[in-house]
Amino acid sequence: MARSPGVQQGKTPRRRERNPPAPGQTLVADADGPILNPFTLDPTVPGADRLDVLRSQQQRLLEGLADSQRQFKHLARSVFRVQEDERRRLARELHDGLGQSMTALKHRLSAIAEQAGPAAEIGDALRAALTLCAGILEETRELSRLLRPQILDDLGLAPALRWLARSIGEAGGPAVTVHVDLEGLELDADLSTLLFRAAQEALANVLKHAEARQVRLDLWRESGHLVLSIRDDGRGFDPAQARAAARGGAGTGLGSLHDRVRVYDGSMHINSMPGQGCEIRLQIPMTAVADRMP
């Protein structure tokens, strides 16, 4: 029969020795013998005082946890801000750089076509080149608008949402009706960006999955919150199954939207059933961007 290393036959294994407790500490038992209890206070201290000390320690831990959460949110918001700044830069470069170059090329090809005259072969080749150039130019402009629509920075959130709805309809998607009731309210740039990206993600989800014919987008102020609602008459889905799919890495994009909204102390609710359309409702506190780290 095999013997355990270091154990002689006929002798009982010795228990692992532990140092005696220091003054003010006691021992508690576990499966392997007594261990020091780090939360035990001097037994000579009255019970009520010991309870106060434990409460104070717990409060400090909770405050530390809350502070860590605030720092995480500020960091996440900073990351989102940097992402939007980079999107803005790329959109400007596409519009002012590549876009203008393609426009100049299109004009140059048009001039060459006029100079070439009615020659059939050259004319056909130039017309094909002009068609290709026009298509590339339009795709470049569309990519620039999707990266960061200039209208959002120039005219604000409401016109940007209407442009977004119109562009979806023009691309063959469902008809999107927009109602914005924020009269007299000037939104923070970060909050405007958050709401625009939320609407963009939700509408992209409708376009990709819902098979809807009508979509209604509403934005209003209610009890210190901004409320964004996107409702469609599409095929709907089971929100529980969608959340399970998102955890498995096969989500619809709403998971990332939910995470971003939480960073701004907001909430997202999905009301949907198969065959009965869907409503996505976001609530963002209007003070969400006011509390920034120095």
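A compact table of results
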| quantity | calculated |
| --- | --- |
| Lone unmet requirement of (1) under 27 Å from V82 (Cα atoms); (2) in contact with a Leu (Cβ under 9 Å, 6 or more places away or on another chain) for D190 | (2) |
| Residue list for the range 142-171, restricted to those being over 22 Å from E86 (Cα atoms), among the hydrophobic types (A, V, I, L, M, F, W, C) and in a helix (DSSP H, G or I) | A158, A165, I168 |
| Residue under evaluation Q150, criteria (1) touching a His at 6+ places or on another chain (Cβ under 8 Å); (2) at pLDDT 90 or above, criterion not met | (2) |
| Residue match in the range 86-94 (condition: modelled with pLDDT under 70, exposed (fewer than 13 other Cβ atoms within 10 Å of the Cβ) and either out of contact with any Ser or Thr (no Cβ under 9 Å at 6 or more places or on another chain) or not in a helix (DSSP H, G or I) (or both)) | no |
| Residue in the range 246-266 that is over 12 Å from the mean Cα position of the chain (by Cα), at pLDDT below 95 and under 25 Å from A171 (Cα atoms) present | yes |
| Which numbered condition G184 misses (of (1) in a loop (DSSP other than H, G, I, E, B); (2) closer than 16 Å to E279 by Cβ; (3) among the small types (G, A, S)) | (2) |
| Criterion violated by R231 - all others in (1) surrounded by fewer than 20 Cβ atoms within 10 Å (Cβ to Cβ); (2) of a type outside the set (F, W, Y); (3) outside any helix (DSSP H, G or I) satisfied | (1) |
| Qualifying residue in the range 45-66 (condition: part of a helix (DSSP H, G or I), of a type in the set (D, E), over 30 Å from D190 (Cβ atoms) and modelled with pLDDT of 70 or more) | yes |
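This table checks each residue for (1) in contact with a Leu (Cβ under 9 Å, 6 or more places away or on another chain); (2) in a helix (DSSP H, G or I); (3) modelled with pLDDT of 95 or more.
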{"residue": "T140", "(1), (2), (3)": "yes, yes, no"}
{"residue": "H179", "(1), (2), (3)": "yes, no, yes"}
{"residue": "A204", "(1), (2), (3)": "no, yes, no"}
{"residue": "K208", "(1), (2), (3)": "no, yes, no"}
{"residue": "L219", "(1), (2), (3)": "yes, no, yes"}
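The values are calculated or read from the model by the stated rules, or taken from the named source; none is laboratory data. Quick caveat, the model's predicted, so the values are computed rather than measured. All Cβ positions, glycine included, derive from the backbone under ideal geometry; neighbour counts span all protein chains shown.
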